[in-house]
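First the structure, in the form of structure tokens, and then the observations on it.
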Amino acid sequence: MTAPPDWLDLDRRHVWHPYTQMATAPPPIPIVRAEGAYLHTADGRAILDAVSSWWVNVHGHNHPRLTRALARQAEALSQVIFAGFTHEPAARLAAELAARAPGRLPWVFYSDDGSTAVEVALKMAWQLWANRGETQRDLFVAFDDAYHGDTFGAMAASGVAAFHSAFAPLLFAVRRAATPFSLSRGSASLPLAEILEREGDRVAAVIVEPMLQGAGGMIVHSPDFLREVRAETARRGIPMIADEVLTGFGRTGRLFACEHGPVEPDLLCVSKALTGGYLPLSATLATNEIYSAFLSEDRGKTLFHGHSYTGNALACAVALESLAVLEEEGGLARVAALERLFAERLARLAGHPRVKETRGIGVMAAVELAAQGDGGYFDLQGPALAAGALDRGVLLRPLGNVLYTLPPYVIADAEAHRIVDVIEALLAA
Ligand SMILES: Cc1ncc(COP(=O)(O)O)c(C=O)c1O
């Protein structure tokens, strides 16, 4: 066995890893290279990346076109302050996103990751009303099992207590609406229509993950539910924020999950696969109506938001190339083929004694196991399942008792079968 790299000890002594209980977690696995769907470890193993490295990678790691686009851009311009200055990749990317977005969303505001894209959307929705002088709008509505990120606004909107309960006293008021799924699992939350009936004139915006709630447990919703959310908000003139941080760029089989409705949101958040999994970048897209509410001689009506790296040129250039690769290399057709393959394989697992439910959409295939312990994110099975998958050369990162895959679109059929084989082996173990 190869000796671990010398820098691994520096990691052990200095690096605080995300979503990691540093007292008990196994040491991190040193990765030295990645290619296609595989991560290569320092000791020469190849691990199949069945979760797209936290749902970001779509075309495979180290895609030659993306790598070239990055190098080309780095030679010209890597970064410039984005207030008062601009550059070609940001302008072109904004136009491409606006052209493909579900509905009319011509205005693109850049930030750095999914959470900040959500923060920006929440702030836009909030200040929209303030700028219009409707200051009684002091509530957001989000759904059971929602996950919108880890910054404070995004945490407030999220409904997965396991992640954010330590901060509960600091989070602003959000009404939690039921989904058909949460109702089927005994939620006491009210349906959206009822909340809006009671308090609609206080609501600044409703935020929803279209079709697929990811971190909440890979919960798949129907287009009917999405259409209902749109209809209820539209009826009352309340902005609907579509959080497509996870679902954007083909994950659910359409370029954007809103297309399943189809529905047209007022604000759209995208990130993760936006750069094909290369660089942190996100965007919040807005309608002309929302944008116009910020136009004024009064500088107080400005959206005072921005980050040091807003509109980073490297990230925008790679995102442009990633969109081109997605369209020119048949990404959506590949997602459709994988969806069929996973559906067929999951159907065979439906009667398994350890399986409570199987769920799938696009490249996401999930198996919910009967809970052990309290179930949910802290279900006792999660760490053992993850370790068992790694022993078999596949990176899975169960959400508690929900074992799922969300691979890059470039995996071959044989690799997709291998992932489900591993899931089956874990169920048998
Ligand atoms: C739907 C959704 N919104 C927001 C986020 C937050 O994104 P990030 O982790 O890039 O901040 C995530 C992350 O998983 C997500 O799935």
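The values are calculated or read from the model by the stated rules, or taken from the named source; none is laboratory data. Because the structure is a prediction, the values reported are computed rather than measured. All Cβ positions, even for glycine, are placed from backbone atoms using ideal geometry, and neighbour counts span all protein chains on display. Surface accessibility is based on the protein's heavy atoms, side chains included, excluding ligands, DNA and RNA. Shrake-Rupley method; radii C 1.70, N 1.55, O 1.52, S 1.80 Å.
Here are a few things to note about the model shown:
- Loop-resident trypsin sites (Lys or Arg not before Pro) (DSSP state other than H, G, I, E or B) in the range 148-212 with no more than 15 further Cβ atoms inside 10 Å of their Cβ: ARG185.
- The chymotrypsin sites (Phe, Trp or Tyr not before Pro) of the range 31-124 that meet both conditions, a loop assignment by DSSP and at most 15 other Cβ atoms within 10 Å of the site Cβ, are PHE85.
- Scanning residues 5 or more positions from PHE143 or on other chains, those with amide H under 5 Å from its amide H are ALA177, with H placed 1.01 Å from N in the peptide plane.
- Here r is the Cβ-Cβ distance between SER292 and VAL15 and R0 is 35 Å; the resulting FRET efficiency, rounded to 0.05, is 0.15.
- ³J(HN,Hα) computed for each position of the range 112-123 - Karplus, 6.51 cos²θ - 1.76 cosθ + 1.60, integer Hz, glycine/proline x: 10, 7, x, 4, 6, 4, 5, 3, 4, 4, 5, 5
- Neighbour-limited loop hits for chymotrypsin sites (Phe, Trp or Tyr not before Pro), the range 267-373 (at most 16 other Cβ within 10 Å; DSSP other than H, G, I, E, B): PHE294, PHE304
- For the pair ARG340 and ASP6, the difference between a 0.36 nm per residue extended length and the Cα-Cα distance amounts to 115.8 nm.
- The calculated FRET efficiency for THR302 paired with ALA324, based on their beta-carbon distance and R0 = 30 Å, is about 0.35.
- Fraction of accessible area attributable to carbon and sulfur, the range 152-258 (%, probe 1.4 Å): 56
- Gap separating the Cα centres of the range 82-99 and the range 330-378, nearest whole Å: 38
- Additional length obtainable on full extension of the chain from THR67 to HIS417, 0.36 nm per residue less Cα span: 123.1 nm
- Net charge dipole size for the chain [Lys, Arg +1 and Asp, Glu -1 on Cβ; Debye, nearest 20]: 100
- The Cβ shell under 15 Å around ILE238 holds other residues with a net charge of -3, Lys and Arg each +1, Asp and Glu each -1.
- Proximal lysines relative to LYS123, as straight alpha-carbon distance under 21 Å, when same-chain residues fewer than 8 apart are discounted: LYS272, LYS301
- Ordered from largest to smallest accessible area (heavy atoms of protein chains, 1.4 Å probe), the residues LEU8, LEU274, LEU380 come out as LEU380, LEU8, LEU274.
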